[in-house]
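Please read the structure below before turning to the comments.
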């Protein structure tokens, strides 16, 4: 009679509990798959919602000044008359004097939440101080918290490194908040990019010709 081989203890334990373990593993796997599937579905739904809600920015077009037209108000009737100087760079220099072309956006923002601001002139001067372009030549009105933008395109190099805007603005009462006037410069060359902002400086003694 041959000697009976002894069955390992781990095999006996597995034969008793193996089915339960497999069932638990199967449940855990199905729970993982369900959770992962739900997460992926939610991510896809969020992506679809973002796509539906996203509105790409509109290409720039010069503002239609008729939209900001003023009725029954003249420059002479406005008691507050101020002017601001805004530095603009159509290019800067680098690498020993090479010009780096920039695109500039002039932003005029009425930051007063209650009172309008009026603009009578927006003039672009070159580095030599000569008038290059007139963006606003009539009285226009910015409603509370309204903004108007003017673009100096990258290929427009007439201004030079010392260009500037002169903005004349008016309010009906001295207590109205002054508009926020900024020039934002951006440029890109290959994989390199640059951007910076310059704020306006008040010209209390400025008198338009």
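For the structure I just gave you, tell me whether residue 60 is in contact with a strand residue (DSSP E or B) (Cβ under 6 Å, 6 or more places away or on another chain), on the phi < 0 side of the Ramachandran plot, in a loop (DSSP other than H, G, I, E, B) and surrounded by 11 or more Cβ atoms within 10 Å (Cβ to Cβ).
yes
So which residues in segment 168-177 are surrounded by 16 or more Cβ atoms within 10 Å (Cβ to Cβ) and outside any strand (DSSP E or B)?
176
How do the strands (runs of 3 or more DSSP E) wholly within segment 71-167 filter down when requiring 2 or more residues that are in contact (Cβ under 8 Å) with a residue 24 or more places away in the chain and closer than 21 Å to residue 193 by Cα: which remain?
Values: elements: 80-88, 91-94, 98-101, 103-109, 117-125, 131-136, 140-142, 147-152.
Those strands (runs of 3 or more DSSP E) span 80-88, 91-94, 98-101, 103-109, 147-152.
Restrict the check to segment 178-194 and report whether at least one residue is touching a helix residue (DSSP H, G or I) at 6+ places or on another chain (Cβ under 6 Å), at pLDDT 95 or above and surrounded by 14 or more Cβ atoms within 10 Å (Cβ to Cβ). Lay out the reasoning, then the answer.
Taking segment 178-194 as the starting set, the residues that turn out to be touching a helix residue (DSSP H, G or I) at 6+ places or on another chain (Cβ under 6 Å) are none.
No: segment 178-194 contains no residue that is touching a helix residue (DSSP H, G or I) at 6+ places or on another chain (Cβ under 6 Å), at pLDDT 95 or above and surrounded by 14 or more Cβ atoms within 10 Å (Cβ to Cβ).
With the requirement that a residue be over 20 Å from residue 75 (Cβ atoms) and not in a strand (DSSP E or B), what does segment 178-204 give you?
Once the filter is applied, which keeps residues that are over 20 Å from residue 75 (Cβ atoms) and not in a strand (DSSP E or B), segment 178-204 yields 190, 191.
The values are calculated or read from the model by the stated rules, or taken from the named source; none is laboratory data. All of these numbers come straight from a predicted model, not from anything done at the bench. Backbone-built Cβ (ideal geometry, glycine too); neighbour counts: all protein chains shown.
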